[in-house]
DNA sequence: CCAGTATATATCAAACTGATATATCATGCA
DNA sequence: TGCATGATATATCAGTTTGATATATACTGG
């Protein structure tokens, strides 16, 4: 198999922001990238080891007194080059796995109320996600406008960086990618309405 | 591990339409479900065997003279029940892996023209897909309106079913799920414009 | 009659997933 | 003070999934 190893570049990319531990990386992905990406420990830790072996990252134990053992990884020049090369390579089209679409598609021979039920559940699920995203959006917009970084965000930025200027940049990129997620959900909701109308005819 | 085995239900669901071979199933997924699902032979053939072992499908060799060996699988009562049960179970939220979003996110510290280049490429890629989808949409809409099924579609429906009434139902479900894909792409294009505007400020 | 393509089944190493095991430190509260 | 709960942190692994490839037959046009 040709292998894609996107994880490698995701990790490398995050390390260009600042040195991190495997745990930090996981949290970063879960908090900030979850609507378009995911990684898991089973992938992160071996990748980190591999990066060290390939000379793309260095591993250092950071034991702050009275704190748990931490291994912090930093990107090397070679790693930066590999990351940069990857950015210029052709980008795969988005990959989607939508279980609802599958169920809906496969139910077309069944009574219509079955399909309506599926759509209504999907609608509710997506609306719930939209509410959450909108809340995050408001927090981010306010932070950017006021140049203040409330507790909700401090956690993320503690990891991501320190300086106020970096915070602004980070807030902005979080907001921009979140907007992608919001657009995607709104599209799904619009589709639900369209289908519901089609089914009621 | 708890195992998901969605493939099992995807296969079962397609077999509720009509008996098919592994090859048929793969083609069906590639042609009609590709914008929200994918399966591969490495998953389909073992799943088919497993379904037979579990008494959820039957395997029959259909050797039409002068044609290649074919194993056609049909769903059993037990299989139908399993499929029906799955439909009622909670549905996973859509899973997305968007490499462009990842690159864009990770590039926020680099010069803005890098980001602009990424977005422009994404835009072009998505616009290309939209053109294809729109073309399929037109074919499907025309087929439904005129109750005629042109060559483009005959291939799909040869697999999917025979009667004209079933064709209409199939055309409709293909159209409805295709609409989901179109909404999704339009949302991505709208996001591109939004970001481009943000970056130029 | 031959090359290229479509049909069709099958397999496998490599990669990925999600859950779990282990351990340390912080916090509140009874 | 002790003790449950939760956050921090690293690590592993069985079970799943992926994508590529091997094999073979039939069809199609030049």
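Every number here is computed from the coordinates shown, using simple stated rules; none is lab data. This is a predicted model, so every value here is computed, not measured. In this analysis, Cβ positions are derived from the backbone assuming ideal geometry, glycine residues included, and neighbour counts consider all displayed protein chains.
Over the Cα atoms of the protein assembly as shown, the radius of gyration divided by the Kirkwood radius equals 1.01; this is the Rg/Rh ratio.
Sorted from shortest to longest, the distances between the residue A:116 label points of this copy and the other copies are 5.2 nm, with each point 7 Å from Cα along the line through the beta carbon. Taking the longest Cα principal axis of chain A as reference, the axis of helix A:151-160 is set at about 50 degrees. Mean separation of Cα pairs under 8 Å and 6 or more residues apart, divided by the residue count, gives region A:6-88 a relative contact order of 35 percent. Per-residue mean of foreign Cβ neighbours for B:83-91 is 4 (Cβ atoms of other chains, 10 Å radius).
Per DSSP H run of at least 4 residues, take -39500 (n - 2.57); add these up for chain B, divide by its residues and hand me the 222 nm value, nearest 500 deg cm²/dmol.
-23000 deg cm²/dmol, from helical runs alone.
Peptide A:178-184 has a mean of 6 when you count, residue by residue, the C-beta atoms of other protein chains within 10 Å of its C-beta.
Structural descriptor for chain B: relative contact order 21 percent, calculated from alpha carbon pairs under 8 angstrom and at least 6 residues apart. Counts of other chain beta carbons within 10 angstrom of each beta carbon in peptide B:103-114 average 6. Rg/Rh for region B:99-200 stands at 1.19; both radii use Cα atoms, and Rh follows the Kirkwood definition. Structural descriptor for region B:99-200: relative contact order 39 percent, calculated from alpha carbon pairs under 8 angstrom and at least 6 residues apart.
Mind jotting down the distance between the C-alpha centroids of region A:1-31 and region B:5-33, whole Å? Answer, in whole Å: 35. Remark: the residue B:144-residue B:77 segment gains 20.9 nm on full extension, using 0.36 nm per residue and subtracting the alpha carbon distance. Relative to the longest principal axis of the Cα atoms of chain B, the long axis of helix B:164-200 lies at roughly 20 degrees.
The Rg/Rh ratio for region B:6-88, using Cα coordinates for both the radius of gyration and the Kirkwood hydrodynamic radius, is 0.97.
Residue of chain A with the Cβ closest to the rotation axis carrying A onto B, and that distance rounded to whole Å: A:187, 2.
Between 0 and 90 degrees, the angle of helix B:41-53 with respect to the longest Cα principal axis of chain B falls at about 30 degrees. Normalised by 2.2 N^0.38 Å, where N is the number of residues, the C-alpha radius of gyration of chain A stands at 1.26.
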